[in-house]
Amino acid sequence: MVKRVRRKRRKVRWGRLLLLLLIMAGMVWGVVRGAAYAVQSFTPPAPPPKIVKPVSPYADKAGKRITLLLIGVDDSTNQSSVAKGQADALMLLSINPEDNSVNLLSIPRDTMVTLPGRQGVERLGQAYVYGGAELTMRTIEHALQVPIAYHAALSCQDFAQLVDLIGGVEIYVDQNMNYEDAYSDLKIHLNRGYQHLDGLQAGQYVKYRSDEMGDIGRMQRQQIFMKALAEQVFQLEIVTRLPDLWNHAGEYLKTDLTPSVAFKLLTALRSDSLSKMRVELLPGQAVSLEGQWYWKADEEHARQVVNELFYANNGK
């Protein structure tokens, strides 16, 4: 008779089993953490929140038109930063991308305005001192009831470098210009005649006002220069370099224009549009108030000009 051998039941060692489970749990946790880290490392970060600009109360009336504020900042203190100084030159460039019509309005820096948070009247150029481009844009919007979508600001020194970047500008200088101001380190010496201006000479041309026309004559020359500059940009050899030029221009321009909007505006500024471009000066007259001189807009005439430049034929 075969004797059965009873197997001896092993005693469960709970301590060892618990240790094994802990080790396995640790391994699983490590794998999960590693995978999470890998996903986090290789997944592109979420885009930053989009900054939405406040909509102008006059935007609907303007229709398809895009209006850009051009600001020349006074750097007579020998500082090239657009964060310093007052606005020395102000222009509104309005473009209708549907029919490529282009209009330009010069606004005197001494235009009498009221600024938010300040009492009494101020010169418009001071808005840039107190609140930069944003306050300047909103002040003009309120005064003229014109929606301004974008701005571009640069100092005089940066202006000269920008002109040199595109190779200078061909222009007719209407008179001999000779003026020196030791305080602001300003020297202007240009001869009358058709000539090629480099950046330094162009800066002299747009700043000269020592004739009987004063600031009015200076603004007229600034308008002439802007048109000549645009024509220079659209020469064949410049057009092919526009993407590269835009990248370099960012070193000098302080602007909220995106490259896509900038090229859209450049497309509208074709040669036939420039030849038909309407150029105006804000209607008004010089007045004296408490010993200070201001440019006081002619409200009725200014409203008519604004409607024609920024609202008529708006492509709706």
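When residue 265 is tested against (1) more than 23 Å from residue 87 (Cα to Cα); (2) open to solvent by 50 Å² or more (accessible area, probe 1.4 Å), only condition (2) is not met. The set of residues in region 103-150 being more than 24 Å from residue 223 (Cα to Cα) and in a loop (DSSP other than H, G, I, E, B) consists of 114, 115, 116, 117, 118, 119, 120, 121. When we screen 184, 260 for residues that are among the polar types (S, T, N, Q) and exposed (fewer than 12 other Cβ atoms within 10 Å of the Cβ), the only hit is 260.
When restricted to residues that are in a loop (DSSP other than H, G, I, E, B) and either in contact with a Lys or Arg (Cβ under 7 Å, 6 or more places away or on another chain) or touching a residue at least 60 places away in the same chain (Cβ under 8 Å) (or both), region 257-283 contains 6. Residue-level check: of (1) part of a strand (DSSP E or B); (2) surrounded by fewer than 20 Cβ atoms within 10 Å (Cβ to Cβ); (3) touching a residue at least 12 places away in the same chain (Cβ under 8 Å), residue 171 misses just (2). Restricting attention to region 229-238, does a residue exist that is at pLDDT below 80, out of contact with any strand residue (DSSP E or B) (no Cβ under 6 Å at 6 or more places or on another chain), closer than 29 Å to residue 208 by Cβ and aromatic (Phe, Trp, Tyr)? Among the residues of region 229-238, at least one is at pLDDT below 80, out of contact with any strand residue (DSSP E or B) (no Cβ under 6 Å at 6 or more places or on another chain), closer than 29 Å to residue 208 by Cβ and aromatic (Phe, Trp, Tyr), which makes the answer yes. Being modelled with pLDDT under 75 and surrounded by 15 or more Cβ atoms within 10 Å (Cβ to Cβ) is the filter here; which residues of region 268-284 pass it? Passing the criteria: 268, 269, 273, 274. Contact map, region 284-310: residues that are farther than 23 Å from residue 102 by Cα paired with residues that are open to solvent by 90 Å² or more (accessible area, probe 1.4 Å) and aromatic (Phe, Trp, Tyr), Cβ distance under 8 Å, separation 6+ or inter-chain. Pairs shown: 286/293; 287/293. Looking only at residues in region 200-214 that are open to solvent by less than 40 Å² (accessible area, probe 1.4 Å) and not in a loop (DSSP other than H, G, I, E, B), the one that is modelled with the lowest pLDDT is 214.
The values are calculated or read from the model by the stated rules, or taken from the named source; none is laboratory data. Keep in mind that this is a model prediction, so the values were computed, not measured. We place every Cβ from the backbone using ideal geometry, glycine too, and count neighbours over all the protein chains shown. Protein only, heavy atoms only, side chains kept; ligands, DNA and RNA dropped before computing areas. Shrake-Rupley method; radii C 1.70, N 1.55, O 1.52, S 1.80 Å.
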